[in-house]
Every structure is written in C-alpha cells, then in structure tokens.
Amino acid sequence: GAVVSQHPSWVICKSGTSVKIECRSLDFQATTMFWYRQFPKQSLMLMATSNEGSKATYEQGVEKDKFLINHASLTLSTLTVTSAHPEDSSFYICSARHPGVGREAFFGQGTRLTVV
Amino acid sequence: GESVGLHLPTLSVQEGDNSIINCAYSNSASDYFIWYKQESGKGPQFIIDIRSNMDKRQGQRVTVLLNKTVKHLSLQIAATQPGDSAVYFCAGDSGNTPLVFGKGTRLSVIA
C-alpha cells in the first residue's frame, strides 16, 4: 500500500517551546492530509484537514494559532505545536489518501510528544 | 460523527477461537467503512473495508458485516492468534470526508 511517513517518531520538549512534526507521502502526491491526536487509551480525534496551497480546516475546539499547519508541497504537511504545555502531550498521527487507491486512508507511524 | 468514548473496552479470547468486535456508528450519511488495527505506539493499519451497498465482505481470516438498519459494524477474526492482539477501530466517511473513528476495542489473545 501507499506509504505515509512521520518525523520524528517521538520528541520531548520543554514547556513553552514549539515543536514541528512532519508528515510525508513517500510514493504519491496528496493534496489533502489529515492530522489526528490520540490520548492514552482513547480513540483518534480529527484535529484538522491540511490542504496543499491553502489554509487548513480545523475541527471545532482546535486552536489554529496553537496548532499551525503548513502544506507547502504535494508530499509534505507539517504540524507545529506552538508554546507547548504538558496538556499537549499526546500521540499525533497524520494520514492521507492515495488518489489511485480509493478511499482507504494511509496513516503515518505517529509522533509521541511529551512536554515537560 | 461517530461516538467516541474514554477507556477502551477489552475483549479477551483464547488463541484459536474466533473474535467478534462490534462498532456502532451514528452518521447515517456514512457510506464507506474501514476497520483498522493499531498496535501500541504505532499508527493504524488497514484491515478491511466495506461500502454501504454491501452487507458482508471477507478477507483473509477476517470478515466485516454491515447492518445499516441499526448502524452497526462487526469485525470477525477467525482462529485468533497472539499477533492479533491490538486495538481495533472502525472508521467511516461520507463522500471522501475525513475518516471519523469509533471508540475502539482492545483485543487480548490468551495463549
């Protein structure tokens, strides 16, 4: 299947700093990517839809100024957690659909963010 | 969207037995559903999908059943193996909208 890769796999940062997470589609172009957040023992919650060349669409309750999304190319979307706080510690996962595969969404391996 | 809750329910099965994992969805406009398997610390992995014009689809050792009348999906795993231990999520969308995930079930296989 199509490959979606995230980097880094895990990151520890100090409270108040910003962290950037990258999501790449390795063998296909993705005009749209999706960012999810998952707290321990919970389901995946959609945060935003990243659109290449335009502004991201954020779900209700997700602060767009805190979670900056940039989708500057057809293979890369980035999520920047600004001024991170311990409550932002979570597992962040991106996904994308391969245009030639259908409606199945392919997921990255996730990024574990720990804010200390 | 789909209902999402805290604290995943757990299903424990003996190795070799069949497993049935259930999922309820709330959006009647959803016309495509996927079952994903998520191992600890990893992203979701595709298992099987089904469109709303079907009520059953079979894969290798897995079967998905869809009951649109009661908005219910199930995933059946035959001859469950230790490697099947993971959290299983159903997800749905309507017309290429973002996938919305159900609350998930942790499957624990007892050797």
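The values are calculated or read from the model by the stated rules, or taken from the named source; none is laboratory data. Keep in mind it's a predicted model, so treat the numbers as computed, not measured. Note: ideal-geometry Cβ built from the backbone for every residue, glycine included; neighbour counts use all protein chains shown.
Being farther than 19 Å from B:VAL100 by Cα, out of contact with any Pro (no Cβ under 8 Å at 6 or more places or on another chain) and surrounded by fewer than 16 Cβ atoms within 10 Å (Cβ to Cβ) is a property that holds for A:GLY53. Screening A:GLY102, A:GLY61, A:GLY110 for residues that are free of Cβ contacts under 8 Å to residues at least 12 places away in the same chain and either under 23 Å from B:GLN45 (Cα atoms) or in contact with a Pro (Cβ under 9 Å, 6 or more places away or on another chain) (or both) leaves exactly one candidate, A:GLY102.
For segment A:24-116, the strands (runs of 3 or more DSSP E) that sit wholly inside it and include 1 or more residues that are within 10 Å of chain B (Cβ to nearest Cβ) and closer than 24 Å to B:TYR36 by Cβ are A:32-38, A:45-51, A:90-97, A:105-107, A:111-115. Of the residues that make up segment A:7-21, is at least one buried (at least 18 other Cβ atoms within 10 Å of the Cβ) and either modelled with pLDDT under 95 or among the small types (Gly, Ala, Ser) (or both)? No, segment A:7-21 contains no residue that is buried (at least 18 other Cβ atoms within 10 Å of the Cβ) and either modelled with pLDDT under 95 or among the small types (Gly, Ala, Ser) (or both). Taken over segment A:75-104, the criterion of being among the charged types (D, E, K, R) and in contact with a strand residue (DSSP E or B) (Cβ under 6 Å, 6 or more places away or on another chain) is satisfied by A:ASP88, A:ARG97, A:ARG103, A:GLU104.
One residue stands out among those in segment A:92-114 that are surrounded by 20 or more Cβ atoms within 10 Å (Cβ to Cβ) and of a type outside the set (Gly, Ala, Ser): the one that is farthest from A:SER5 (Cα to Cα), which is A:LEU113.
Could you pull out the residue among B:PHE89, B:PHE46 that is within 30 Å of A:SER5 (Cβ to Cβ) and buried (at least 21 other Cβ atoms within 10 Å of the Cβ)? If you could, list the steps in order and put the result at the bottom.
On the way: B:PHE46 fails: buried (at least 21 other Cβ atoms within 10 Å of the Cβ).
Step by step, each of B:PHE89, B:PHE46 is checked, and only B:PHE89 is within 30 Å of A:SER5 (Cβ to Cβ) and buried (at least 21 other Cβ atoms within 10 Å of the Cβ).
Taking strands (runs of 3 or more DSSP E) as the structural unit, no element lying wholly within chain B holds at least 3 residues that are of a type in the set (Lys, Arg), within 14 Å of chain A (Cβ to nearest Cβ) and in contact (Cβ under 8 Å) with a residue 60 or more places away in the chain.
Here A:ALA30 clears all of (1) modelled with pLDDT under 95; (2) surrounded by fewer than 18 Cβ atoms within 10 Å (Cβ to Cβ); (3) out of contact with any Leu (no Cβ under 6 Å at 6 or more places or on another chain) except the condition numbered (2). Of A:LYS66, A:LYS41, all but one fail to be touching a helix residue (DSSP H, G or I) at 6+ places or on another chain (Cβ under 9 Å) and surrounded by fewer than 18 Cβ atoms within 10 Å (Cβ to Cβ); the exception is A:LYS66. A:THR82 falls short on exactly one of the conditions (1) under 25 Å from B:GLY92 (Cα atoms); (2) surrounded by 14 or more Cβ atoms within 10 Å (Cβ to Cβ), and that condition is (1).
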